[in-house]
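One structure coming up, written as structure tokens, with questions to follow.
Bear in mind that the values in this text are calculations on the coordinates, not laboratory data. These figures come from a predicted structure and were not determined experimentally. Here the Cβ is made from the backbone with ideal geometry for all residues, glycine too, and neighbour counts use every protein chain on show.
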Amino acid sequence: MLCGFDLHVGAKLNVLGKLTTLMQASIQTTEWQQAHYATIKLLAEVVERELKKYRPARSKMLPNDGYVADSVHPRRLGGEVGAAKAFAGVQLSRSVKEAAMNTLLLCDELDRYRPGMSNLYRKKLNIYIQ
């Protein structure tokens, strides 16, 4: 079942048996989506900062030591600023729900180190994922 968080410019919907692509959004819709993106971006940055404390530092002697710091999800960007780059410049071509799901993957990683904190962040993301 679709909800408002699934919709974005470029989304393909089945309307009465015909595949329809959303081509544009009103200013109010854009502002609504940007407000929710900002909330998710902030949460992702907080989780990313917390995870930085627990991820091992890469060795300067062995640059390819097999550890990939940002291997949580193939769509995520690498490096220490993964969350910041992933949300840089709010784009309407991506659903709020997808951004929340990617942040939830960060919470999954945080769950290994701080389960209580991870659960708190998950509760904040639940409204986007239902």
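May I ask which of 41/124; 53/97; 12/41; 18/41 have a Cα-Cα span longer than 23 Å here? Present the calculation step by step, with values, prior to reporting the outcome.
On the way: 41/124 12 Å; 53/97 27 Å; 12/41 25 Å; 18/41 34 Å.
In this structure, 53/97; 12/41; 18/41 exceed 23 Å between Cα atoms.
Could you work out the local net charge near residue 42, counting Lys and Arg as +1, Asp and Glu as -1, over the other residues with Cβ closer than 14 Å to its Cβ? Can you show the working numbers first?
Values: positive: 41, 49, 124; negative: 45, 48, 50.
Value of the local net charge: 0.
If you add up the charges near residue 6, with Lys and Arg at +1 and Asp and Glu at -1, over every other residue whose beta carbon is less than 13 angstrom from its beta carbon, what do you get? Show your work: numbers first, answer last.
Values: positive: 12, 94, 97; negative: 98.
After counting each charged neighbour, the total is +2.
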